[in-house]
Amino acid sequence: MEMADNKPWVLISEIGDKGFHEDVVDIINQHFHIVCLKEFLQNPALHGPKIQGMFMWNFSPAAEPSLLSCLPSLKVIANGGVGIDHLDVPYINSFGVKVTNTPGVVSDATADMAMALLLASARTVIEGHLISVDSKTTHVPQSLMGVEVTGSTLGIIGMGHIGYKVAQRSKGFNMRILYHNRNRRSVEDEQAVGASYCEKLDDLLKESDFVVVVVNLTPDTTGLISHRELSLMKPTGTLVNVSRGLVVDQDALVKALMSGTIRAAALDVTHPEPLPRDHPLLTLPNVLITPHIGTNTRGTIRKMVQMMVDNVLAAVKGLAVPNEVKAK
């Protein structure tokens, strides 16, 4: 640990409910002096020149030109999470600033969340809970029917770290596992989880009872699931999205859910987050929505922040940065 007076300065959004949880601030404090965005904006001339690292959490502080121009000593922006679709990496690099993310450590928690959404939707867990706690309930209606998970067909769109871990979990439910990916996994990887490769996305959509979307948001994946793709799914099918809201055309999803084109959707991500309170997705009985909490476990968050700290320390010291995101 550095001596207190030698600790570099870093910028974060805030401490608390809208920023870094109090439980993890100690990890940052061990190595850095912290300036919160509100304090920084009150006196940019005082704080700007000394800040060498920026910790971005839930897209904040935003890497806007007006902010970057106030940070002449900035060496690195450490993003909490894997997705960096909200960051213009070449532009940030043009300031001599590196960009890092936190791959790997989020995979287990996000895969767990995908399975939680799949199971909760399939087995009407939320509906059952509401009936069970309702003061007016005197009997459980027999009409509360779920769909089978064990032995069903799961289609995974995006078989990276997280997608592969979803497959590992699904194997325990004796699911038939299909996947679609830019690149086919090795035969050994496929055999280990019993997964079959679908070169065409359409084939996966037609055959799957549950479709789990686990792709990065890129220009190619924006609107990946829209009217045509949803129309190919089984009317008994369920769409699960733990990637980014913009991967799914939400207007198309609303129509598919209302018309019975698909059975249900379970979403940990939407666009925007949260949705406007009058958005039709919030009123549909066959939708389960959680507020982008795929990585929200205390253990995972601490691992993410520790990785962010390691990335910033390396950049500040001029060492090789472990998880630098290179401009494409």
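The values are calculated or read from the model by the stated rules, or taken from the named source; none is laboratory data. Every value quoted in this text rests on a predicted model; they were computed, and no experiment measured them. No Cβ is skipped: glycine too gets one built from the backbone with ideal geometry, and neighbour counts run over all protein chains shown. These area figures cover heavy atoms from the full protein model, side chains too; ligands, DNA and RNA do not enter into them. Shrake-Rupley method; radii C 1.70, N 1.55, O 1.52, S 1.80 Å.
Inside the stretch 66-111, can you point out the residues that are acidic (Asp, Glu), touching a helix residue (DSSP H, G or I) at 6+ places or on another chain (Cβ under 9 Å) and surrounded by fewer than 19 Cβ atoms within 10 Å (Cβ to Cβ)?
Result: Asp85, single match.
Results for (1) among the hydrophobic types (A, V, I, L, M, F, W, C); (2) over 22 Å from the mean Cα position of the chain (by Cα), shown as yes or no for each residue.
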{"site": "Ala266", "(1), (2)": "yes, no"}
{"site": "Pro272", "(1), (2)": "no, no"}
{"site": "Leu284", "(1), (2)": "yes, yes"}
{"site": "Val287", "(1), (2)": "yes, no"}
{"site": "Ile293", "(1), (2)": "yes, no"}
{"site": "Val321", "(1), (2)": "yes, yes"}
{"site": "Lys328", "(1), (2)": "no, no"}
Notebook entry, point to check: Regarding Leu281, is this residue at pLDDT 95 or above, within 29 Å of Met145 (Cβ to Cβ), part of a helix (DSSP H, G or I) and open to solvent by less than 50 Å² (accessible area, probe 1.4 Å)?
Noted result: yes
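Tell me the residue from Val193, Val211 that is buried (at least 16 other Cβ atoms within 10 Å of the Cβ), within 21 Å of the chain's Cα centre (by Cα) and not basic (Lys, Arg), please.
Values: Val193 fails: within 21 Å of the chain's Cα centre (by Cα).
Of Val193, Val211, the one residue that is buried (at least 16 other Cβ atoms within 10 Å of the Cβ), within 21 Å of the chain's Cα centre (by Cα) and not basic (Lys, Arg) is Val211.
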Item checked: Residue list for the stretch 246-273, restricted to those being open to solvent by 30 Å² or more (accessible area, probe 1.4 Å), under 25 Å from Arg123 (Cβ atoms) and in a loop (DSSP other than H, G, I, E, B) -> Gly260, Thr261, Arg263
Check: Can you name the residue in the stretch 128-147 that is open to solvent by 70 Å² or more (accessible area, probe 1.4 Å) and assigned to a helix (DSSP H, G or I) and is also nearest to Ser170 (Cα to Cα) among such residues?
Finding: His129
Item checked: helices (runs of 4 or more DSSP H) contained entirely in the stretch 1-102, each with at least 2 residues that are over 22 Å from Glu324 (Cβ atoms) and under 27 Å from the mean Cα position of the chain (by Cα) -> 22-29, 37-42
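Give me the residue from the stretch 166-180 that is under 21 Å from the mean Cα position of the chain (by Cα) and within 16 Å of Glu229 (Cβ to Cβ) and, out of that set, surrounded by the most Cβ atoms within 10 Å (Cβ to Cβ).
Tyr179
I need the full set of residues from the stretch 3-25 which are farther than 15 Å from Ile77 by Cα and either at pLDDT 95 or above or surrounded by 13 or more Cβ atoms within 10 Å (Cβ to Cβ) (or both), in order please.
Lys7, Glu14, Ile15, Gly19, Phe20, His21, Val24, Val25
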Checklist line | Among the candidates Leu282, Leu288, residue that is touching a helix residue (DSSP H, G or I) at 6+ places or on another chain (Cβ under 6 Å) and hydrophobic (A, V, I, L, M, F, W, C) | finding: Leu288
Note to self: I need a count of the residues in the stretch 235-245 that are buried (at least 18 other Cβ atoms within 10 Å of the Cβ) and not in a loop (DSSP other than H, G, I, E, B).
What the structure shows: 4
